[in-house]
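Have a look at the structure below, then the notes.
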Amino acid sequence: MVRLVISSDGPAAAGGWREIFHSVAPELDVCSWYEPGLDLAHVDYALVWHPASEDLARMAHLKGIICTGAGINHLLHDPGFPLHVPLVRMGGEQTAALMADYVLWAALGLLRDSRTWAVQQQRAVWKNNRISRTCSEARVGVMGMGHLGGHVARHLHHVGFTVAGWRRSARDLPGIQVFSGNDALPDFLGELDILVNLLPSTHETRGMINHALLGALPRGAGFINVGRGNHVITDDLLRALDEGQVGAAVLDVTDPEPLPADHPLWRHERVTITPHVASEASREAQARYVRDVIHQMERHERPALLCDPARGY
Ligand code: NDP
């Protein structure tokens, strides 16, 4: 029997995970990482978020590690993480659909300037912000056109936005203009009403959303960050907001997380903050995805969301 050990969500979640796997994948032998006397040498797969890497290293026959997050930068930066074991990111239909819905919600909010309504409501102010602009009159750009970015772009395109994307490699998507590489960045940014960040956090992308990049957007553009907080130089974003270069921002990820209570982003009138909730699939959906990945790997097939540690995502 193939054995899966779970550390995600800590010891309190172990019983819940076991019940879910019992219903979606009864063929798997599911154990808790925290079980006393667990034989680490006889584990085939591990489902983790922030595991103790010294325990992972003792799982001598591990065939695969599956992360409950789509961002795996924290694992690759852990010096004890066993990079030789295949690492697969979280995916599945619900993960992609949740992200696409979140970005649609944020983009529509920016389009109608719903932040102004929220601020006015706090002060009991009844005032029309007089914005008559539909999604078909707005251009959204998605930085990071990978698994999630591709879904987001298609969703926005389907609703009526004009959509462009930016990625490392040149690869087209029907109806979406895709730019690739650093040389194409100014052309990509220069026409946008809304910029969406869905890049992974790597040594190339950390800190890249800075004064210069924000300055390359048309004045007053909106910004949605659903990638990672450390992509953004926060002081540069605050300055761009104060100067009107960025019209408003919706931030699901910040640096640090959680944001300290006295951080200026909390109180900025042009900023909407959500607590890293854009896309977290239900445990049932995650378990179905994990089951499918394990079945693929047992058949010696390559899972679609296998990470490349050298590339960093
Ligand atoms: P993918 O690896 O599938 O996609 C990453 C994309 O970024 C690819 O298109 C890749 O280009 C592009 N890219 C990477 N580096 C560069 C670079 N230097 N220059 C240009 N393009 C680059 O990742 P996912 O779509 O699955 O996830 C993206 C990120 O979303 C995650 O890493 C995570 O940080 C974040 N996330 C946030 C969540 C939330 O709730 N807020 C939930 C889930 C994920 P190419 O296609 O050419 O390789």
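The values are calculated or read from the model by the stated rules, or taken from the named source; none is laboratory data. Source: prediction; values computed, not measured. Ideal geometry is used to build each Cβ from the backbone, glycine not excepted, and the neighbour counts take in all protein chains shown.
Can you confirm whether Ser136 is modelled with pLDDT of 95 or more and of a type outside the set (Phe, Trp, Tyr)?
Judged against the criteria, Ser136 is a match.
Tell me the residue from Ala107, Ala100, Ala96, Ala118 that is within 16 Å of the ligand (Cβ to nearest atom) and over 23 Å from Gln286 (Cα atoms), please. On inspection, the qualifying residue turns out to be Ala107. Selection of region 67-97 for residues being of a type in the set (Asp, Glu) and on the phi > 0 side of the Ramachandran plot yields an empty set. Filtering Leu213, Leu148, Leu189 for residues that are assigned by TED's automatic domain parsing to the domain that holds Thr234, in contact (Cβ under 8 Å) with a residue 60 or more places away in the chain, within 14 Å of the ligand (Cβ to nearest atom) and under 21 Å from the mean Cα position of the chain (by Cα) leaves a single hit, Leu148. Annotation: of all residues in region 121-144 being in a loop (DSSP other than H, G, I, E, B) and in contact (Cβ under 8 Å) with a residue 40 or more places away in the chain, the one that is farthest from the ligand (Cβ to nearest atom) is Ala138.
If we scan region 155-163, do we find a residue that is outside any helix (DSSP H, G or I), surrounded by 16 or more Cβ atoms within 10 Å (Cβ to Cβ) and within 16 Å of the ligand (Cβ to nearest atom)? Break it down stepwise before answering.
Of the residues in region 155-163, the ones outside any helix (DSSP H, G or I) are 160-163.
When the remaining residues are screened for being surrounded by 16 or more Cβ atoms within 10 Å (Cβ to Cβ), the result is 161-163.
Filter again for within 16 Å of the ligand (Cβ to nearest atom), leaving 163.
Looking through region 155-163, at least one residue is outside any helix (DSSP H, G or I), surrounded by 16 or more Cβ atoms within 10 Å (Cβ to Cβ) and within 16 Å of the ligand (Cβ to nearest atom).
Out of everything in region 216-263 that is in a helix (DSSP H, G or I) and within 15 Å of the ligand (Cβ to nearest atom), what residue ends up being surrounded by the most Cβ atoms within 10 Å (Cβ to Cβ)? Break it down stepwise before answering.
Residues of region 216-263 that are in a helix (DSSP H, G or I), as a first pass: 229-231, 234-242.
Those still in the list that are within 15 Å of the ligand (Cβ to nearest atom) too: 229-231.
Details: Gly229: 19, Asn230: 19, His231: 24.
Only one residue tops the list, namely His231.
Of the residues making up region 169-176, none is under 22 Å from Val250 (Cα atoms), β-branched (Val, Ile, Thr) and in contact with a helix residue (DSSP H, G or I) (Cβ under 7 Å, 6 or more places away or on another chain).
Of all positions in region 302-312, at least one carries a residue that is without any contact (Cβ under 8 Å) to a residue 40 or more places away in the chain and under 21 Å from Ser201 (Cβ atoms).
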